[in-house]
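Novice: Can you keep this structure in mind? I'll have questions shortly.
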Amino acid sequence: MRIAAVLVVAMLTASEPAAAITYGQPDGNLHPNVGAMIRLRSDGVYRILCSGSLIAPTVFLTASHCTTYLERQGISDVWVTFDSKFTQKSKLIHGTMHSNPLYDQAQSDTGDIAVIILDKAQSIAPVRLPTAGLLDQMKANGTLNGTTFTSVGYGIQEPQTGPGGITHDFPMERWYAAGEFNALNNTWLRISQNQATGDGGTCSGDSGGPQFLGAGATETNTQVSITITGDVFCFATNVDYRIDTPQARAFLGQFVTQP
């Protein structure tokens, strides 16, 4: 998550961006087209930075606040893994980052979307991208209220309060959680992740990861947004960048064919 992840991860990993599934469960092989964005630290250790999804055999979708974080440090090498649990022995696919040049240039649309072009095509079936204005159409016909979405990603878990204060487990594993629609505007999809209402969502480690339309028996392979931010303690709301808008589609159209 862009704001929440930076704040939470600042306490954990020297402010590397990220965002992770809360009140969810291990994914196993349920979402093999969701992967982790990996960087090589100066100490020679590979580390999860963000999450993302395969939208074409060589195109990995993530967030620009993840890619520009590395670019600002002069780092160009990046890898992706689709292993459900990340270790130093995970299969890594090298790629080239393409941040959105319009990222953070407009207040109405942050442009927080990026892709990594993988060196090798993957045999995994990609996610399905949404049609133009899909969420607006659902709102107009009254089907958005009550709709659930499935968030998937790698990273820290929901906060735990203990004798030493608030801590977050970081299993470095792909997890998923379902949450109900909260609000929509021209840029953002907001999803409840309030445990009290049975919802789960994201936290530090999931930035760039997908929200799929539906959950459980109704879940589809259609991704409608990417994880960006939320409340700092990952309790209430998951705030996600829509990919069915003209701005997002204009960026993606440079790399993939969209429905």
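Novice: Loop-only trypsin sites (Lys or Arg not before Pro) in segment 85-121, please: DSSP not H, G, I, E or B, and at most 16 other Cβ atoms within 10 Å. Intermediate values should be presented prior to the final figure.
Specialist: Values: sites: K85, K89, K91, K120; in loops: K89, K91, K120.
Those satisfying the criteria are K89, K91, K120.
Novice: Moving on to the next point. Quote to one decimal, in nm, the extra length available between I117 and F255 on full extension: 0.36 nm per residue of separation minus the C-alpha distance between them.
Specialist: Net length gain for the segment: 48.8 nm.
Novice: Over segment 187-251, what percent of the accessible surface lies on carbon and sulfur atoms, probe 1.4 Å?
Specialist: Working: 1110 of 1870 Å².
For segment 187-251, the apolar C and S fraction of the accessible surface comes to 60 percent.
Novice: With each label point set 7 Å from Cα along the Cα-Cβ vector, what nm distance links H94 and T218?
Specialist: 4.5
Novice: How high is the relative contact order of segment 170-235, in percent, counting Cα pairs under 8 Å that sit 6 or more residues apart? List each step's numbers first, then the result.
Specialist: Working: 86 pairs, mean separation 16.3, N = 66.
After rounding, I find 25 percent.
Novice: Each label point is 7 Å from the Cα along the Cα-to-Cβ direction; what then is the distance between the points at S108 and L30, in nm?
Specialist: Result: 3.8 nm between the two label points.
Novice: So what are the radius of gyration and Dmax for the Cα set of segment 18-116, in Å?
Specialist: 13.8, 42
The values are calculated or read from the model by the stated rules, or taken from the named source; none is laboratory data. Keep in mind that this is a model prediction, so the values were computed, not measured. All Cβ positions, even for glycine, are placed from backbone atoms using ideal geometry, and neighbour counts span all protein chains on display. All accessible areas refer to the heavy atoms of the entire protein, side chains included, with ligands and DNA or RNA removed. Shrake-Rupley method; radii C 1.70, N 1.55, O 1.52, S 1.80 Å.
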